[in-house]
């Protein structure tokens with residue numbers, strides 16, 4: 001069950017565990033018991049795994065202006081010249 005944020009008109013913000021099928025339903029305030037509507041909130045990113053959190057941070061940093069990364073990967077095996085021509089009986093072979 002997810003933890004949702006709600007806003008009570010009298011008592012202010014509070015959190016309540018609700019099943020997903022009741023996510024749009026009002027919840028009773030923990031102090032006064034009045035039905036309160038769910039408030040919009042940011043996701044709780046602190047519960048993410050560290051690798052996923054780092055990837056999310058890198059993505060957010062470069063969302064507006066992505067950096068161009070240039071890295072020499074060396075030669076690819078497909079950049080090498082072919083080792084001769086394929087035999088006439090195997091015309092489908094490219095030569096690697």
> If you check every pair at least six apart or on different chains, which have Cβ atoms under 8 Å apart with a residue in the stretch 32-47 that is surrounded by 11 or more Cβ atoms within 10 Å (Cβ to Cβ) first and a residue that is modelled with pLDDT under 75 and not in a strand (DSSP E or B) second?
Replying inline: none
> Just one of 89, 36, 30 is more than 22 Å from the chain's Cα centre (by Cα), modelled with pLDDT of 85 or more and not in a loop (DSSP other than H, G, I, E, B); which is it?
Replying inline: 36
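The values are calculated or read from the model by the stated rules, or taken from the named source; none is laboratory data. Since the structure is predicted, the reported quantities are computational estimates derived from the model, not experimental observations. Cβ: placed from backbone, ideal geometry, glycine included. Neighbour counts: every protein chain shown.
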